[in-house]
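See below for the structure under consideration.
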Amino acid sequence: MALIVEQFTCRTDNFGVLIHDPASGLTAAIDAPEEAPIRARLAEKGWRLDQILVTHHHADHTEAILPLKASFGCTVTGPEGEAAKIPGIDGTVKGGDEFKFGAFDVRVIDTPGHTLGHISYWLPEAGVAFVGDTLFAMGCGRVIEGTPEMMWASLEKLAALPGETLIYCGHEYTEANARFALTVEPDNRDLVARSDEVRRLRAAGKATLPTTIDLEKRTNPFLRAREKSLRRDLGMEGAAPAAVFAEVRGRKDRFK
Ligand SMILES: [Zn+2]
């Protein structure tokens, strides 16, 4: 039986995500951004919360852990490198670790950069990955604790996942990301078409995620540091991909 993934808005622009394995009846939350919407979706589906899988320590991903744990007694799994910063954590995982969620394998990928211990969860049989604040639709997380080189290496790991993998991210930043991406690659036809689609979706109050690795490779300037046309546009044809990434990230940090 297929994995069920429920995505909904939390706080202002965070996503809450629940995954449910119908065969075992298990339910997990990916991060815990806000208690009320997570509870509401659990109640609507008739699920009880068994686990919380945490991507990184930021408050907008961990704030609801303790109240949810108090009512459901769920177990909390998070990155080894950030255990001390995650309230209520029961177990830790790191890149290369594998565990089971019901019938599904969960593979842990180290994706540092936004935070030093940030991890992503990939469920290959289900064809989904939960990447927290590492990769966004047409964007990527701010490099707050790590270095651009570190973030680029993390993005390359995600880019190596099967192209059709559905990517769930921590935030709905897509419309602003598209506006920036167009300043980097105004002639990228896939990007122009996607930006139009994103404007339509947002105007209708709809989410623009999940995305796929294939779509990001075609339209996300942060994943395209190896792309000839982008390197030429930036005047960085001879530069290392990590340096091209750093230039794009720097431009985004200054973008209004
Ligand atoms: Zn964050």
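What follows is calculated from the coordinates using simple rules that are stated; it is not laboratory data. As the structure is a computational prediction, the values presented were derived from the model and not from experiment. Every residue, glycine among them, receives a Cβ derived from its backbone with ideal geometry; neighbour counts consider all protein chains shown.
Some notes on this structure:
- The helices (runs of 4 or more DSSP H) falling completely within segment 21-81 that include 3 or more residues that are within 16 Å of the ligand (Cβ to nearest atom) map to 59-62.
- Looking only at residues in segment 135-154 that are assigned to a loop (DSSP other than H, G, I, E, B) and free of Cβ contacts under 8 Å to residues at least 40 places away in the same chain, the one that is farthest from Phe15 (Cα to Cα) is Thr147.
- Annotation note: of Ala64, Ala36, the sole residue that is of a type in the set (Gly, Ala, Ser), touching a strand residue (DSSP E or B) at 6+ places or on another chain (Cβ under 9 Å) and closer than 22 Å to Asp90 by Cα is Ala64.
- Counting only residues that are touching a Pro at 6+ places or on another chain (Cβ under 6 Å) and either more than 25 Å from Gly16 (Cα to Cα) or in a helix (DSSP H, G or I) (or both), segment 155-184 holds 2 of them.
- Residue among Thr92, Thr75 that is of a type in the set (Ser, Thr, Tyr), within 17 Å of Phe130 (Cα to Cα) and surrounded by 15 or more Cβ atoms within 10 Å (Cβ to Cβ): Thr92
- A residue that is of a type outside the set (Val, Ile, Thr), under 21 Å from Ala32 (Cα atoms) and surrounded by 16 or more Cβ atoms within 10 Å (Cβ to Cβ) occurs somewhere in segment 156-168.
- Residues of segment 69-77 include none that is aliphatic (A, V, I, L, M) and within 18 Å of the chain's Cα centre (by Cα).
- In segment 222-239, the residues that are surrounded by fewer than 19 Cβ atoms within 10 Å (Cβ to Cβ), in contact with a helix residue (DSSP H, G or I) (Cβ under 9 Å, 6 or more places away or on another chain) and of a type in the set (Gly, Ala, Ser): Gly238, Ala239
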